[in-house]
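Participant: Sharing a structure below in structure tokens format, with a few things to ask.
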Amino acid sequence: MAPNSLHLSGDTDADRLLSDDPLALLIGMVLDQQIPLEWAFKGPLILSERLGRPLDATVIAAMDPDELAAAFAERPSLHRYPTSMATRVQALCQLLVERYDGDAAAVWGQAADGAELLRNVKELPGFGEQKARIFVALLGKQLAVRPKGWQEAAGPFGEKNSRRSIADIVDAATLAQVRAYKQDMKAAKKAEAAAAAAGKAPAAATTTKRPAAKKAPARAGAGRRPSA
């Protein structure tokens, strides 16, 4: 699939599979959430080994959901939430079968331009707006998938020499730089949230004085001595 080899999992065999198998790469992208990215991108190789066969969208789409979930949950589990991720990966494969005849590479191979590529990726289960843009950037920067307008579709993740996402990881040094960037972003968001919370804190309660009671008007003749 790729003119270049990816370096995302820290494992030579897993990285080779990601570079050569489009379905493996998509599954790794889906798993890359709430777990270390190295484990997420090693997941496709481990899944293939547990299934006892190469990854195949048609096979996975038709599997018994419990059987697939068991493969995800086997120790060590492929994800923090193995059952949910098994469901999501199966949904991904089902969409690939329905729309692309099981050919994962057709997701980008059939895209006429960057905008269509982004739309195709965003339709995949497990790909939100940001992840879709990151994947478009990964395709363009490292896998030579560069339809017209791909950088615009990738947004800030398509910027040259940036260190924002997995699209920029090519070795241990760039991995460290991307991790540092993400940590800085998390710290900035945390500080922003703290500042916003402080701004919304209720003001100290103040004592409200009750208005003085008005005196009742004097009745006619009040205070006069009665006439004899």
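The values are calculated or read from the model by the stated rules, or taken from the named source; none is laboratory data. All figures in this text were calculated on a predicted structure; none of them were measured in a lab. With ideal geometry, Cβ positions are generated from the backbone for all residues, glycine too; neighbour counts draw on all protein chains shown.
Participant: Tell me, please, whether a residue that is at negative phi, surrounded by 23 or more Cβ atoms within 10 Å (Cβ to Cβ), touching a Pro at 6+ places or on another chain (Cβ under 9 Å) and touching a residue at least 40 places away in the same chain (Cβ under 8 Å) can be found in segment 132-141.
Facilitator: no
Participant: Taking the options V89, V121, V97, V107, name whichever one is of a type in the set (V, I, T) and more than 23 Å from the chain's Cα centre (by Cα).
Facilitator: Every option except V97 fails the conditions.
Participant: Can you tell me which residue among T83, T87 is touching a helix residue (DSSP H, G or I) at 6+ places or on another chain (Cβ under 6 Å) and not assigned by TED's automatic domain parsing to the domain that holds L139?
Facilitator: Exactly one of T83, T87 is touching a helix residue (DSSP H, G or I) at 6+ places or on another chain (Cβ under 6 Å) and not assigned by TED's automatic domain parsing to the domain that holds L139, namely T83.
Participant: Kindly establish whether A57 is in contact with a Cys (Cβ under 6 Å, 6 or more places away or on another chain), of a type in the set (A, V, I, L, M, F, W, C) and more than 18 Å from I169 (Cα to Cα). Full working, then the answer.
Facilitator: Working: in contact with a Cys (Cβ under 6 Å, 6 or more places away or on another chain): yes; of a type in the set (A, V, I, L, M, F, W, C): yes; more than 18 Å from I169 (Cα to Cα): yes.
Against the criterion (in contact with a Cys (Cβ under 6 Å, 6 or more places away or on another chain), of a type in the set (A, V, I, L, M, F, W, C) and more than 18 Å from I169 (Cα to Cα)), A57 qualifies.
Participant: Identify, from the list L25, L45, L95, L78, the residue that is crowded, with 23+ Cβ neighbours inside 10 Å and not in a loop (DSSP other than H, G, I, E, B). Write out each step before concluding.
Facilitator: Working: L45 fails: crowded, with 23+ Cβ neighbours inside 10 Å; L95 fails: crowded, with 23+ Cβ neighbours inside 10 Å; L78 fails: not in a loop (DSSP other than H, G, I, E, B).
L25 is the lone residue from the list that is crowded, with 23+ Cβ neighbours inside 10 Å and not in a loop (DSSP other than H, G, I, E, B).
Participant: When you look at L124, is it in a helix (DSSP H, G or I) and surrounded by 14 or more Cβ atoms within 10 Å (Cβ to Cβ), yes or no?
Facilitator: When the stated conditions are applied, L124 does not pass them.
Participant: Further question: Pull up segment 142-169, narrow it to residues that are in contact (Cβ under 8 Å) with a residue 60 or more places away in the chain and in a helix (DSSP H, G or I), then point me to the one that is farthest from L37 (Cα to Cα).
Facilitator: Top of the filtered list is Q142.
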